Amino acid sequence: MFDMQPCEKPDAPFVADAYAASAARTVTRMGRVTVTEGRIGDDWAALLIRVRDDRDEAAFAALFRHFAPRVKGFLMKSGASAALAEDCAQDVMAVLWNKAHLFDPARASVATWVFTIARNRRIDALRKARRPEPEDLPWGPEAEPDQQAALEMQQDTERLGEAIARLPEKQRVLIERAYFGDLSHTEIAAETGLPLGTIKSRIRLALERLRHKMG
Amino acid sequence: MTMTIKHHISDALLMGYAAGQLPEAFSLVVATHLSLCDDCRARFAGYEAVGGAVMECAGAVAMSEHSLAATMARIRSAPAPVSRDAPRRMGIFPAPLAAMVGGGPEAVKWRSIGMGVRQAILPTENGARARLLHIAAGQKVPDHGHRGMELTLVLQGAFRDETDRFGPGDLEIADEDLHHQPIAEAGEDCICLAATDAPLRFNGLAARLAQPFLRI
Ligand SMILES: [Zn+2]
């Protein structure tokens, strides 16, 4: 069940056909993420921003083609039947459409954000349990869009994926089992040695700026 | 928010919460601490990112042929999602706790369990139990050990035990190795949110006899 391959480079850059011609001028309306030619790390974020700001169905289709099969695979590894996983994956993608306004590329990569939606759907559907959530913070869109922060967050997340792929097999499998819901809370050991420090510092700084603004 | 927190959520609990694997009572304690502690919130972002990376690499399974059209139809036919007001902090209760209690500290229905201690059991699902504890300033809690894990988050006042002092925002994680007798500091009454995944083990005979009635 847990015989997956180590992750290779995240998918090749995917630019929906409709955008291939205009990839170089994709500054979003809010100006938060720019896809510059040759940079592919933030493509998913740029597509999701188009869904968020323009309700762009072609951008949504591109996200769907990449993420829906991964959500389905994730849910099946978590014990869902193919039919339930298919149904839940469609739900997860519908949530992505409906809650796109909550996505902030400076705080999470698209993969991370989709994972949290899939996880919550799994808790509902498979465990039929509830999960209290931390207090919402008034992050809000920043007056000065921080494209650099967004780009760096996407890169940190890519590096994290590469680091997981390089872990010794046994350790990698344990991490995967924890996230597939195959370990109970008493069985989870978090001595991962993964480079979580950069993501942590980035979020910590963003929180400090936010607290400063609120204070 | 400006409180100085010394005792934080362990990596294992943060990962369990990010993976969605904690019983509701433990999730409540973790979510309440995260609401008070930016350090843990930032560490938590790292563990959610691990989830994203795991999902990205876990292997894709092809969706059914018309799944995209079906999803678009789902989006169009569903009523626009109502944006509910996010639950709010009520006094010393951060939002997730206020939502569970249905209000702030004044909404809690305390029951005295004797010895200067009052408690209120919270309606979490089976598997682990959460309760609020109100310990009079200067009061000792009966000497006890643990069969499983006990999380205790201080919301007001402070307590000390054999290991350290725990003030507002601090989380004590006790396991089977810890045998302790917490005592509330003089001054303000101590209010804590506690969760256990197995009944506590009391040493005094009186407390042991009372245990079935206390439901702790
Ligand atoms: Zn903390």
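Bear in mind that the values in this text are calculations on the coordinates, not laboratory data. Owing to the predicted nature of the structure, the values given are computational and were not obtained by experimental measurement. We place every Cβ from the backbone using ideal geometry, glycine too, and count neighbours over all the protein chains shown.
Summary of computed values
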| quantity | calculated |
| --- | --- |
| Test item: Cα-centred dipole of chain B, Lys/Arg +1 and Asp/Glu -1 on Cβ, debye | 800 debye |
| Estimated FRET transfer efficiency (A:R211, B:S112; beta-carbon r; R0 56 Å; 0.05) | 0.90 |
| For B:Q139, distant residues with modelled amide H under 5 Å away | B:A184 |
| Average beta-carbon neighbours from other chains, 10 Å sphere, peptide A:183-193 | 6 |
| Qualifying GluC sites (Glu not before Pro) in segment A:145-215, DSSP loop, other Cβ atoms within 10 Å at most 12 | A:E191 |
| Test item: B:172-181 mean partner chain Cβ contacts at 10 Å | 0 |
| Inter-part distance where segment B:95-115 and segment A:140-209 are each reduced to a Cα centre, Å | 35 Å |
| Segment B:151-164 - phi-based ³J(HN,Hα) in whole Hz, Karplus 6.51/-1.76/1.60, Gly and Pro as x | 9, 10, 10, 7, 10, 8, x, 7, 9, 10, 9, 4, 8, 5 |
| Residues with amide H under 5 Å from that of B:Q156, placed H, sequence gap 5 or more | B:I191 |
| Number of partner chain Cβ atoms within 10 Å, mean per residue of A:200-209 | 4 |
| Entries in B:K109/B:K140; A:K99/A:K128; A:K72/A:K213 that, when Cα-Cα distance is taken, lie over 30 Å | A:K72/A:K213 |
| Mean Cβ neighbour count within 10 Å, used as a protection proxy, ranking B:51-62, B:171-182 highest first | B:51-62, B:171-182 |
| Footprinting exposure proxy for A:D182, B:D85 (fewest neighbouring C-beta atoms within 10 Å first) | B:D85, A:D182 |
